[in-house]
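**Q** One structure, as structure tokens, below. Some questions next.
The values are calculated or read from the model by the stated rules, or taken from the named source; none is laboratory data. Worth saying up front: this structure is predicted, and the values here are computed from it rather than measured. Heads up, the Cβs are rebuilt from the backbone with ideal geometry, glycines too, and the neighbour counts pull from every protein chain shown.
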Amino acid sequence: MTEIQTFATFLEYRGGRLRYRSGGDTWVRVDVDGEPTLERFPDALEMGSDPGDPWVMLPKSVFDAVYRREVFGRWNGVRVAVESIVRRGLRRGSAVIRYEGILPAEAIAAGLTGSQNDGWTALVDPSEVEDVTVTETMFPMARS
């Protein structure tokens with residue numbers, strides 16, 4: 001399957017970008033490449049070293065900026081957001097897309113499923129998404 005970028009949030013730490021996983025009032029958990037060590041992450045509050053899913057928990061105060069990536073395209077003639085990629089199972093590599101319009105009939109005609117309450121989504125091969133645009137916005141961290 002074709003590679004495609006997805007919506008994501010990254011945090012800048014020591015000159016590199018780490019993908020946001022979860023967070024609380026004073027901390028953030030981020031995904032990391034390779035084994036997390038205290039040499040690489042001296043500010044770490046906690047680390048998860050599962051080789052298939054490594055992460056580090058860091059205080060919010062150590063980040064320099066937050067980056068928000070948004071990915072949009074067209075699928076079956078309608079504007080969609082590319083939300084994520086399926087990582088496991090038989091549909092691994094498929095893109096989860098969400099309808100960006102406001103007309104339920106348009107979403108249904110395009111082949112998306114869902115409702116006005118939950119939104120309209122589909123699981124598609126990434127190569128089916130056309131006219132893909134990626135925008136990234138940087139937000140500096142406020143220092144107290």
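**Q** Out of everything in region 74-112 that is of a type in the set (S, T, N, Q) and touching an Asp or Glu at 6+ places or on another chain (Cβ under 9 Å), what residue ends up being nearest to F7 (Cα to Cα)? Steps first, please.
**A** The initial filter retains those residues of region 74-112 that are of a type in the set (S, T, N, Q), namely 76, 84, 94.
Among the residues that remain, those that are also touching an Asp or Glu at 6+ places or on another chain (Cβ under 9 Å) are: 76, 94.
Numbers: N76: 20, S94: 14 Å.
In this case the residue turns out to be S94.
**Q** Would you confirm, using the coordinates I've provided, whether V86 is among the hydrophobic types (A, V, I, L, M, F, W, C) and either more than 30 Å from V28 (Cβ to Cβ) or at pLDDT 95 or above (or both)? Show your work before the answer.
**A** Numbers: among the hydrophobic types (A, V, I, L, M, F, W, C): yes; either more than 30 Å from V28 (Cβ to Cβ) or at pLDDT 95 or above (or both): no.
Here the answer is no, as V86 does not meet what is asked.
**Q** For region 38-75, name all the residues that are exposed (fewer than 15 other Cβ atoms within 10 Å of the Cβ) and in a loop (DSSP other than H, G, I, E, B).
**A** L38, E39, P42, D43, L45, S49, D50, P51, G52, D53, D64
**Q** Do the conditions hold for G77, that is, is it small (G, A, S), without any contact (Cβ under 8 Å) to a residue 40 or more places away in the chain and not assigned by TED's automatic domain parsing to the domain that holds T135? If you could, list the steps in order and put the result at the bottom.
**A** Details: small (G, A, S): yes; without any contact (Cβ under 8 Å) to a residue 40 or more places away in the chain: yes; not assigned by TED's automatic domain parsing to the domain that holds T135: no.
Criteria not met by G77.
**Q** From the list E35, E70, E3, E12, pick out the single residue that is out of contact with any strand residue (DSSP E or B) (no Cβ under 8 Å at 6 or more places or on another chain), in contact (Cβ under 8 Å) with a residue 24 or more places away in the chain and of a type in the set (D, E). Step through it out loud before you land on a result.
**A** Values: E35 fails: in contact (Cβ under 8 Å) with a residue 24 or more places away in the chain; E70 fails: out of contact with any strand residue (DSSP E or B) (no Cβ under 8 Å at 6 or more places or on another chain); E12 fails: out of contact with any strand residue (DSSP E or B) (no Cβ under 8 Å at 6 or more places or on another chain).
E3 is the lone residue from the list that is out of contact with any strand residue (DSSP E or B) (no Cβ under 8 Å at 6 or more places or on another chain), in contact (Cβ under 8 Å) with a residue 24 or more places away in the chain and of a type in the set (D, E).
**Q** Condition test on I4, is it under 15 Å from the mean Cα position of the chain (by Cα), part of a loop (DSSP other than H, G, I, E, B) and aliphatic (A, V, I, L, M)? Before the answer, list the steps.
**A** Values: under 15 Å from the mean Cα position of the chain (by Cα): yes; part of a loop (DSSP other than H, G, I, E, B): yes; aliphatic (A, V, I, L, M): yes.
Yes, satisfied.
Residue-wise test of (1) touching a strand residue (DSSP E or B) at 6+ places or on another chain (Cβ under 9 Å); (2) part of a loop (DSSP other than H, G, I, E, B); (3) on the phi < 0 side of the Ramachandran plot; (4) loosely packed, with under 13 Cβ neighbours inside 10 Å.
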{"position": "R88", "(1), (2), (3), (4)": "no, yes, yes, yes"}
{"position": "R92", "(1), (2), (3), (4)": "yes, yes, yes, yes"}
{"position": "I97", "(1), (2), (3), (4)": "yes, no, yes, no"}
{"position": "E106", "(1), (2), (3), (4)": "yes, no, yes, no"}
{"position": "G114", "(1), (2), (3), (4)": "yes, no, no, no"}
{"position": "N117", "(1), (2), (3), (4)": "no, yes, yes, yes"}
{"position": "A122", "(1), (2), (3), (4)": "yes, no, yes, no"}
{"position": "V134", "(1), (2), (3), (4)": "yes, no, yes, no"}
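**Q** Of the residues V71, V86, V82, V78, only one is touching a helix residue (DSSP H, G or I) at 6+ places or on another chain (Cβ under 6 Å) and of a type in the set (V, I, T); which? Before you say what the answer is, go through the steps one by one.
**A** On the way: V71 fails: touching a helix residue (DSSP H, G or I) at 6+ places or on another chain (Cβ under 6 Å); V86 fails: touching a helix residue (DSSP H, G or I) at 6+ places or on another chain (Cβ under 6 Å); V82 fails: touching a helix residue (DSSP H, G or I) at 6+ places or on another chain (Cβ under 6 Å).
Step by step, each of V71, V86, V82, V78 is checked, and only V78 is touching a helix residue (DSSP H, G or I) at 6+ places or on another chain (Cβ under 6 Å) and of a type in the set (V, I, T).
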